[in-house]
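Notes follow the structure.
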Amino acid sequence: MTERQIVKKYDKDGFKVVWKPKMCIHSEICVKTLPEVYKPDQKPWIQPENASVAALKNQIDRCPSGALSYEMQGEATGAADSNALKADIIKGGPLIIKGALEVTDSSGNIKKMEGNTAFCRCGASSNKPLCDGSHRKIEFD
């Protein structure tokens, strides 16, 4: 049985910011890039009405984990638009795979991933094989 993922959507004139909290590695790129939109101490914490669609797209495309993506006119889009896979090793952090891929867990369950996917390298994540930001707590290098 596959685990159901929480997905939250925040609308701005037909442009939807899509957030998947379980994928978030808390890099804070969203908060640092658009603090007028991403307000962790408020509800709702994502307020897309406070920025232009262009600014939102630019920030979302920089999300390292793929926890943020967007939908526009019913078409899902996000950071990876190419069929080629790319990998980035983040110093002191996760392995970021950019592109569409399938992950098969030890029970044989297949999960489709798109955009940016952050895989744990430190071993401390409680959301393995995905990163949950625990590398910061253990000062992983």
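Key figures
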quantity	calculated
Residues being free of Cβ contacts under 8 Å to residues at least 24 places away in the same chain and buried (at least 21 other Cβ atoms within 10 Å of the Cβ) - total across region 33-76	2
Among residues of region 104-141, those that are surrounded by fewer than 17 Cβ atoms within 10 Å (Cβ to Cβ), among the aliphatic types (A, V, I, L, M) and modelled with pLDDT under 90, counted	1
Residues within region 110-128 that are touching a residue at least 60 places away in the same chain (Cβ under 8 Å) and out of contact with any strand residue (DSSP E or B) (no Cβ under 9 Å at 6 or more places or on another chain), tallied	1
Answer residue from region 4-23, given it is outside any strand (DSSP E or B) and touching a residue at least 24 places away in the same chain (Cβ under 8 Å) and is surrounded by the fewest Cβ atoms within 10 Å (Cβ to Cβ) among those	13
Conditions (1) in contact with a helix residue (DSSP H, G or I) (Cβ under 9 Å, 6 or more places away or on another chain); (2) modelled with pLDDT of 95 or more; (3) of a type in the set (S, T, N, Q): number failed by residue 59	(2)
Wholly enclosed strands (runs of 3 or more DSSP E) of region 27-141 bearing at least 2 residues over 13 Å from the mean Cα position of the chain (by Cα) and farther than 22 Å from residue 13 by Cα	86-89, 101-104, 110-113
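The values are calculated or read from the model by the stated rules, or taken from the named source; none is laboratory data. The structure presented is a predicted model; accordingly, all values stated were derived computationally and were not measured. As a convention, Cβ positions derive from the backbone with ideal geometry for all residues, glycine included, and neighbour counts pool all protein chains shown.
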